[in-house]
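Trainee: Got a structure here, written out as structure tokens. Questions coming.
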Amino acid sequence: MNSYQPAPGRIDGRGLSIRLGHGSEAFEAVQRLDFAVEPGEFVCILGPSGCGKSTLLGALAGHLVPSSGQLSVDGQAVAGPSPQRGMVFQHHTLLPWRSVLDNVAFGLKMQGQGRTERRRQAREMLQLVGLDEFAGRWPSQLSGGMQQRAEIARVLINRPRLLLMDEPFGALDAQTRARMQELLLDIWASIRTTVVFVTHDIDEALFLADRILVMSPRPGRFIEDLHLDFPRPRRASLLTSPEFTHLKRHCLALLRHEEGRELPRLTPLGLPDTEHPPLRIAL
């Protein structure tokens, strides 16, 4: 079962800067970002707390207006929120007075879709996230992981071009978080929408992404565009592989990088840094 037909979802950012606050308290959260994300790509934005990761995601969602530069999806400037750019937060936004099924169907109701059809599509989405047996429950009757699955289904029913995820598993315990990461990859393999996933967890970024965009401390700038070639599907055994550990060390060095010093460079596995030139990709 897969009737999901995602639209293209290319993202382009050019000279993108975002200021937050007003007057003397205003500050630059992200600074002169140049980047592109291909349709169907899974990109993680990795960086320390306060570096502007969520600010960038807010701009992609249309909730924040850049102070300068350009931000577009499929050639159209981002101008306000849209169901074509679905957002999943760390804590679910399910309506407690509606059943799980009606929560998932709510977006289609707001679009004027009839009850029978919107419920049919909602059941399809609940099946996709493994919650079809819980359609009649209230959100409060679900575990944290199940609530986030329902939240993902609620967003995906709009068939968004972009799935924007702001540390969606950050509040879950380690075991549930690992299961949710695997589930997300299974869903993404089925729908192939573009995913931009914000995290400060290196293991999570390496496990999920096609690419990792690493940000500096505020004002956030991209200091690394790391392409990952781990085969898919990915399972937990990846986390103990030498290749994974090698890249994790590199990401950790990037997150610890201090302004004004030379950026850490990624070298081939098993060889010392001094023997090889940088492999960092310029953005």
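Trainee: Which ordering of Arg235, Arg261, Arg19 is given by a fewest-first count of other beta-carbon atoms within 10 Å?
Mentor: Arg261, Arg235, Arg19
Trainee: Amide H of Arg137 versus every other amide H placed in the peptide plane: which residues, excluding those fewer than 5 positions away on the same chain, fall under 5 Å?
Mentor: Val100, Leu101
Trainee: Compute the Rg/Rh shape ratio of segment 119-215: radius of gyration over Kirkwood radius, all on alpha-carbon atoms.
Mentor: My calculation of the ratio gives 0.96.
Trainee: Taking the structure as given and computing Rg and Dmax of the Cα atoms in Å, which label from [x] 17.3, 52; [y] 19.5, 65; [z] 24.5, 76 fits?
Mentor: Matching the structure shown: [y].
Trainee: Which of Leu163, Leu208, Leu266 ends up with the largest GNM mean-square fluctuation for the chain, with Cα atoms connected below 10 Å?
Mentor: Leu266
Trainee: Between Gly9 and residues 5 or more places away or on another chain, which pairs have amide H atoms under 5 Å apart, with H built 1.01 Å from N, and which residues are they?
Mentor: Long-range HN contacts for Gly9: Gly40.
Trainee: For the pair Ser241/Ser24, report the inter-label distance in nm, with labels modelled 7 Å from Cα in the Cβ direction.
Mentor: 5.5
Trainee: Something else now. How tilted is helix 144-156 with respect to the longest principal axis of the chain? Cα atoms for both, answer in degrees (0 to 90, nearest 10).
Mentor: 80
Trainee: Springs between alpha-carbon pairs under 10 angstrom, Gaussian network model over the chain: which of Glu38, Glu25, Glu182 fluctuates most?
Mentor: Checking each option, the largest mean-square fluctuation is seen for Glu25.
Since every read-out is calculated from the coordinates, none of them should be taken as a lab result. No experiment lies behind these values; they were computed from the predicted model shown. Cβ sites come from the backbone with ideal geometry, for glycine too, and all protein chains shown count toward neighbours.
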